[in-house]
Amino acid sequence: MFNNLNELKEYIQKNNIKIIDFKVITLPGRWNHLSIPAERLSEKTFTEGIGFDGSSYGYSTIENSDMCFIPDMSTAFVDPYCKIPTLSMVANIHTIGKNAGRFSGDPRYIAEKAEEYLKKLGIADEYVIGPEFEFYIFDHISYETRNHHQEVTIDSKQAPWNSNYKEENFGYKAPFQKSYHLGLPYDLNNDLRSEMTLKLEEMGVPVKYHHHEVGSAGQLEIEVELGDMLKMADSTMLAKYVIKNEAVAHGKTATFMPKPLFGEAGSGMHVHMLLRKNGENLFYDVNGYSKMSQEALYFIGGILKHSKALLGFTNPSTNSYKRLVPGFEAPVSVCFATGNRSSVIRIPGYIKDPAKVRFEFRPSDATANPYLAYSALLMAGIDGIVNKIDPSKEGYGPFDINVFNMPEEERNKIEALPKSLDEALEELKKDHEFLTKNGVFDEHFINTWIKFKYNKEVMKVIPVPSPIEFEMYYDL
């Protein structure tokens, strides 16, 4: 938004901005923030930064936790959810002291390094991606986990379970698992989705379209236009921020949990991708399979080869694997195809514009830290190009049929993705050398990530019995 401090200060004065807000990414992928009065903004803010406790963000230990962040004024936006006029910007994390400088484990810095590595190799100038944001809008959510009581209560006014609701019931309930592109008057969140879309457009995030998704209890999708990876990672955080806050502003709640409801469709974050060099789409070849170039196929080969390890970053929650269930709804077969939603990589068959020919990685979900997930996908693709990993020679397809309709003997030849977060983290332990090339990810960061996820999430979930287990085992 701004190129220098003078531009920034002029805008602040002209628009009567009272508060400057700084958003910093945590290790798991949430935005924390700190605010200062607009009068306190100075040159030192952008040279010396503002100190904070890195251990609270998941990046360091308590005894060595002092860090600082320096804002990136080009990311500035007026925050529509603050009553006091507030200008917010994303910040980069820095170390302090003898080795002061960019923090190697800052997810935003990792994304920058991944883009620089791509350019350094001369493969391409741009890694262009486009995520699809699937999420649920609920009218109520409450939950509790204690040793003697576990409960989750969710409600959605449009859900079929409310067909017998006695107050303000007009009879239009969404059909169970058949609500894709659901129309009015069933689609109760249409206007809310439009509000989200217009807000994102105002804030510099172009939206391709929005619609109701398969899940009857308010599952929605907003898909944004393609963009450069680092900018898109920023935009992903902004999209989640807008969607959640806009829902609250309308008396509702939004969740990106991959599987918030048993039996309903899960929410993913499919990532479309292509490479450009000198403005040309490197993934397009009129004579290639599904108009895919050899570079595109190598890129696919790299992602498929490393797909099990990639899930440690693209599907980093225990809940992610409630969605990734073989034969149910999400792609778990390590293969590629055209228009095939059962494969890990799908080449959309509807794209006619050579500049937009691309493929999508389908397993990922929005519990991912976008900077890490997008960077990991790029590094896997680069590895495929550098080492000429041909997906067909590796046995990854193409399989232009529903994998789950194949004879069992043939289907069993296709590798499957991990079935749990701890399994994905084990795969990441074994296979991460491709991520460390040119110092994009470093060993310390990967070990920190694995340890954090295992100790703070996997081990928090494993000891807790679930209600279904009482149903299955209480009387044995």
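On the stretch given as segment 81-101, residues that are surrounded by 15 or more Cβ atoms within 10 Å (Cβ to Cβ) and assigned to a loop (DSSP other than H, G, I, E, B) total 2. Contact annotation: residue pairs with Cβ atoms under 6 Å, 6 or more positions apart or on different chains, pairing a residue in segment 197-213 that is in the same structural domain as A159 (by TED's automatic domain parsing) and touching a residue at least 40 places away in the same chain (Cβ under 8 Å) with a partner that is among the acidic types (D, E) and surrounded by 12 or more Cβ atoms within 10 Å (Cβ to Cβ), are K208/E223; K208/E225; E213/E134; E213/E221.
Assess whether A159 counts as being of a type in the set (A, V, I, L, M) and touching a helix residue (DSSP H, G or I) at 6+ places or on another chain (Cβ under 6 Å). Against the criterion (of a type in the set (A, V, I, L, M) and touching a helix residue (DSSP H, G or I) at 6+ places or on another chain (Cβ under 6 Å)), A159 does not qualify.
So that you can scan it fast, the table gives a plain yes or no per residue for (1) of a type outside the set (D, E); (2) at pLDDT below 95:
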| position | (1), (2) |
| --- | --- |
| K393 | yes, no |
| D400 | no, yes |
| V403 | yes, yes |
| N412 | yes, yes |
| L417 | yes, no |
| A424 | yes, no |
| V440 | yes, no |
| E443 | no, no |
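Residues checked against (1) outside any loop (DSSP other than H, G, I, E, B); (2) closer than 15 Å to E134 by Cα:
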position	(1), (2)
L230	yes, no
D234	yes, no
Y241	yes, yes
N245	yes, no
A254	yes, yes
L261	no, yes
E264	no, yes
M269	no, yes
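The set of residues in segment 153-172 that are under 23 Å from E246 (Cα atoms) and either charged (D, E, K, R) or crowded, with 20+ Cβ neighbours inside 10 Å (or both) comprises I154, D155, S156, K157, Q158, A159.
Conditions (1) surrounded by fewer than 22 Cβ atoms within 10 Å (Cβ to Cβ); (2) touching a Gly at 6+ places or on another chain (Cβ under 8 Å); (3) modelled with pLDDT of 95 or more; (4) not assigned by TED's automatic domain parsing to the domain that holds V214, marked per residue:
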{"residue": "H250", "(1), (2), (3), (4)": "yes, no, yes, no"}
{"residue": "A254", "(1), (2), (3), (4)": "no, no, yes, no"}
{"residue": "L261", "(1), (2), (3), (4)": "no, yes, yes, no"}
{"residue": "G268", "(1), (2), (3), (4)": "no, no, yes, no"}
{"residue": "V271", "(1), (2), (3), (4)": "no, yes, yes, no"}
{"residue": "K277", "(1), (2), (3), (4)": "yes, no, yes, no"}
{"residue": "E280", "(1), (2), (3), (4)": "yes, no, yes, no"}
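For P316, the conditions (1) in contact (Cβ under 8 Å) with a residue 60 or more places away in the chain; (2) assigned to a loop (DSSP other than H, G, I, E, B); (3) out of contact with any Ser or Thr (no Cβ under 7 Å at 6 or more places or on another chain); (4) farther than 28 Å from L182 by Cβ are fulfilled apart from (3). Within the bounds of segment 456-476, is there any residue that is closer than 30 Å to E116 by Cα and in the same structural domain as N369 (by TED's automatic domain parsing)? No: segment 456-476 contains no residue that is closer than 30 Å to E116 by Cα and in the same structural domain as N369 (by TED's automatic domain parsing).
Before we move on, is L324 under 27 Å from I468 (Cα atoms), surrounded by 24 or more Cβ atoms within 10 Å (Cβ to Cβ) and assigned by TED's automatic domain parsing to the domain that holds D234?
yes
Restricting segment 132-152 to residues that are surrounded by fewer than 10 Cβ atoms within 10 Å (Cβ to Cβ) and polar (S, T, N, Q), the residue that is farthest from E246 (Cα to Cα) is N147. Selection of first residues in segment 233-256 that are within 18 Å of E202 (Cα to Cα) and of second residues that are small (G, A, S) and assigned to a strand (DSSP E or B), restricted to Cβ pairs under 6 Å at least 6 apart or on distinct chains, gives the following pairs, ordered by first then second residue: I243/A254; K244/A254; A247/A254. Within segment 48-92, can you find the residues that are modelled with pLDDT of 95 or more and β-branched (V, I, T)? Within segment 48-92, I50, I70, T75, V78, I84, T86, V90 meet the criteria. All conditions but one from (1) touching a residue at least 40 places away in the same chain (Cβ under 8 Å); (2) part of a strand (DSSP E or B); (3) over 23 Å from V205 (Cα atoms); (4) not acidic (D, E) apply to K23; the one that does not is (3). If you take the residues of segment 57-81 that are polar (S, T, N, Q) and in contact (Cβ under 8 Å) with a residue 12 or more places away in the chain, which of them is farthest from N6 (Cα to Cα)? Result: S65. From the list K119, K113, the one residue that fits, being in a helix (DSSP H, G or I) and loosely packed, with under 15 Cβ neighbours inside 10 Å, is K119.
Quick grid of which residues meet (1) modelled with pLDDT under 95; (2) surrounded by fewer than 22 Cβ atoms within 10 Å (Cβ to Cβ):
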| residue | (1), (2) |
| --- | --- |
| L311 | no, no |
| T314 | no, no |
| F328 | yes, yes |
| N340 | yes, no |
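Across segment 179-205, what is the number of residues that are assigned to a loop (DSSP other than H, G, I, E, B) and surrounded by 12 or more Cβ atoms within 10 Å (Cβ to Cβ)?
First, pick out the residues of segment 179-205 that are assigned to a loop (DSSP other than H, G, I, E, B): 179-189, 203-205.
The next check asks that each one be surrounded by 12 or more Cβ atoms within 10 Å (Cβ to Cβ); those that pass are 179-180, 182, 186-189, 203-205.
Qualifying residue count, segment 179-205: 10.
Restricting K178, K166 to those that are in the same structural domain as M232 (by TED's automatic domain parsing), closer than 25 Å to K208 by Cα and modelled with pLDDT under 95 reduces the list to K178.
The values are calculated or read from the model by the stated rules, or taken from the named source; none is laboratory data. Remember, predicted model here, so these are calculated numbers, not experimental data. Counting neighbours? That spans all protein chains shown, and the Cβs are built from the backbone with ideal geometry, glycine included.
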